Amino acid sequence: MTSPDSSLDGQLQLSAAVARLLDPATSTSQRQQAVRGQLALDMRDQLLLWFCICRQDDVALCGQAEAALRASTAMALKPLLQDSHLPPELFDFVLRVRADDLGTVILLRSNPVVPVSSWQRLFGHCSYEVLSFFFDSICPFKLRPQELQAVLHNTQATEAMRQQARERLSASGVQPQETGGTAAAGTASAALLEDEAVFTAEEAEDEALAISSKQQLAQELGIGEKIKMAMTGDKEWRTILLRDSNKQVSTAVLQNPRITEGEILLLTQNRSASDELIRPILLNREWLKNYAIRHALVQHPRTPLPQALRFLATLNDKDIRVLAKSRGISSVLVNACRRMLAAKTQR
């Protein structure tokens, strides 16, 4: 069995506990326990263990590590996803395994260490839910030219998304490439690299300044003004006011006609979201049509059990198997998952 890439040893700073688990002398059963989260490891050690395990030769154990990472929540991983001192290879690993988890994608988007090649791969293969968040028709995110090229090869992209990608590429002076598959999307010309430098240096700074100025302005607004802004403001205002301590303000954000399903998904994945924020989502039939939102609501502690059980019945077998082993949801739900699996096995 190979050891983790020695070129990363200095950056990884493995704890003694993780180093022992990676030692070839450690039994397979003990490593399996660690991968499943059955040992007393903090989240940083757990993530580093999963990463290192997947750099070794044990395919079965790697599969278990990836499954455990997928079963984690974005909020539990949040401090690590925002840590710019961890190596790019670690974030590439997380983004590959959790490519369809919108909360993870959003958190990593603000981390400058994530390689551009990782984002290219993501936008070339991610789900419709992730694409729809970044291609919000009213307030779309800025994407690099390489990422827009990758979207053109994503089978989950709608024609409207493709057209928007073409227009944004053309506006930046780049010819859209829609032939030659994803390999063409992964080839960056000197012009694209130049655009990337402009994106990271200028546009990222402008966006950070815009959010900062709105946060300062929000502190000066009265309750009535905040409610009005929550119901009419753009994505930056919605993000700021959703965190407001006044419940009237935060819940008003959910009445904003411009709010996207991606934002609702991120909210449902936040296990600390209050009853006041979760309740309107449970009553909105359009949002509940979204599979990822129902999946997140099943795991949310504020979702009443009868509704969580109803949503559980709409999930696929793969997610049911993961939930049947979860320690982060009610035992009632875990037992329901096990009964569902047992019933299907007996057929």
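Cross-link partners of residue 226 among lysines, defined as those whose alpha carbon lies under 25 angstrom from its own and excluding same-chain residues fewer than eight positions apart: 214, 235, 247. For the pair region 92-146 / region 17-34, the C-alpha centres are spaced 33 Å from each other.
Which of 18, 59, 253 ends up with the largest GNM mean-square fluctuation for the chain, with Cα atoms connected below 10 Å? In the Gaussian network model the winner is 59.
Compute the relative contact order of the chain as a whole-number percentage, counting only Cα pairs closer than 8 Å that sit 6 or more residues apart in sequence. It rounds to 10 percent for the chain.
For residue 332 and residue 25, compute 0.36 nm times the residue count separating them, minus their Cα-Cα distance, and round to one decimal in nm.
Values: separation 307, 0.36 × 307 = 110.52 nm, distance 3.93 nm.
So the chain would gain 106.6 nm between residue 332 and residue 25.
In plain terms, the chain from residue 234 to residue 44 could stretch by 65.0 nm, reckoned as 0.36 nm per residue minus the Cα-Cα distance.
In units of the compact-protein estimate 2.2 N^0.38 Å, the chain shows a Cα radius of gyration of 1.06. Once Rg and the Kirkwood radius are both taken over the C-alpha atoms of region 292-347, their ratio Rg/Rh works out to 0.93.
Beyond 15 Å, the tail of the calculated P(r) for region 1-98 holds 57 percent of the Cα pairs.
All of the numbers you see were taken from the coordinates with simple rules; none came from a lab. Source: prediction; values computed, not measured.
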